[in-house]
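K.L.:
Mind looking over this structure? Questions follow.
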Amino acid sequence: MKKHRNPRLFRLLALCSPLLLAGCDMTLLDPKGQIGIENKNLILTATWLMLIVVIPVILMTLWFAWKYRATNKSARYEPNWSHSTAIEVVVWLVPIIIIAILARITWVSTHELDPYKPLESEVKPITVEVVALNYKWLFIYPEQGIASINELAVPVDVPVNFKITSESIMNSFFIPQLGSQVYSMAGMETKLHLIANHVGAYDGISANYSGGGFSGMRFKTLAMTDGDFQQWVTKVRESKKVLDRDAYASLVPMSENTPVTYYSSVDANMFQSIVHAPMASGMAQKHEGHENHGAMEMKGMDMKMEMKGAGTDAATAPAAAVNVQGQSMTMAMDAGAHAMHAGTAAHAHKE
């Protein structure tokens, strides 16, 4: 069956396809902070350098296809052509120069934009401790003694020192208009230094897929004047909620699209407790494993002694007595060894 095609429709769709990109929000190219601006410059510089090769290649491809078309009988036909020194020089020299320039830019920018490197500023930075939960963000302000869920507020032109960790699943803390992203991982503390230089509300996301509620794991970053930031702190302190261990435990279960929540006070060591929680849990399980292993061995020895005692008659009584005595000594040695293990584990746990 012959298919009816409409070439005009396909051409119209091809011309309109760029409109599909109209809904894209290129926030990376609209930075609102020093680090974001440097990231944008790095992206544009690398793009322009690569276009030095890409644009001529595309233009020459189209030109060759037109010049050497089948109907152009005036084009030179050279089936035995195999080498051109001029072309070889251009093909190799230009990419080598571009790669050398990109290598230097990458080396310099990698050190200058190191997320662990504190920002140089005459203004005293503030510290925000970030915890990735399932699927929400917890922000702890240790200097202000407050915390919030899914809302981050920072004063403009003040460096922010982020300390980042995760309750369990790995995520990536990312505010595109302010700059770099850094992973949040359980049992680890990563760092990120950013600054907002313009008042506004900027989207924050997790840039690493972490499960079904990943799409709703978003927050707003409110960059405000110093006076507005102090008012925000006052508003948070008026909350009746307190972030203690019980309140934190209620945040751990998975939940999606969690509304903004304020906590007027926070346990002083909350963040460090969260960072060290996986290590403490592992030590507790190891200690429990040692105790269970020792109890099972002791139980096995008791059963062996009972079986040997039941089978002892007058002729084998002396040998059985020796065996029982030997087992008792072995059991005593094992008990001593387990006591040493238990003592060592308890000492390590205490430390």
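K.L.:
Regarding residue 305, is this residue open to solvent by less than 90 Å² (accessible area, probe 1.4 Å), hydrophobic (A, V, I, L, M, F, W, C) and at pLDDT below 65?
P.N.:
Here the answer is yes, as residue 305 does meet what is asked.
K.L.:
What residue, among those in the stretch 145-160 that are buried (at least 19 other Cβ atoms within 10 Å of the Cβ) and small (Gly, Ala, Ser), is nearest to residue 229 (Cα to Cα)?
P.N.:
Here the residue is 153.
K.L.:
Quick check on my filter: what residues within the stretch 53-83 are within 50 Å of the chain's Cα centre (by Cα) and open to solvent by 90 Å² or more (accessible area, probe 1.4 Å)?
P.N.:
Correct list: 58, 59, 60, 62, 63, 64, 66.
K.L.:
Out of the residues in the stretch 212-228 that are more than 19 Å from residue 181 (Cα to Cα) and part of a loop (DSSP other than H, G, I, E, B), state the one that is modelled with the highest pLDDT.
P.N.:
Restricting to residues being more than 19 Å from residue 181 (Cα to Cα) and part of a loop (DSSP other than H, G, I, E, B), the top hit is 225.
K.L.:
Give the number of residues within the stretch 136-161 that are in contact with a helix residue (DSSP H, G or I) (Cβ under 6 Å, 6 or more places away or on another chain) and not in a strand (DSSP E or B).
P.N.:
The number of residues fulfilling the criteria is 1.
K.L.:
Determine which member of the set 165, 110, 106 is polar (S, T, N, Q) and either assigned to a strand (DSSP E or B) or open to solvent by less than 10 Å² (accessible area, probe 1.4 Å) (or both).
P.N.:
Just a single option satisfies the conditions, and that option is 165.
The values are calculated or read from the model by the stated rules, or taken from the named source; none is laboratory data. None of the values given here were measured: they were computed from a predicted structure. No Cβ is skipped: glycine too gets one built from the backbone with ideal geometry, and neighbour counts run over all protein chains shown. When the accessible area is computed, the model is the full protein with side chains, heavy atoms only, and any ligands, DNA or RNA have been set aside. Shrake-Rupley method; radii C 1.70, N 1.55, O 1.52, S 1.80 Å.
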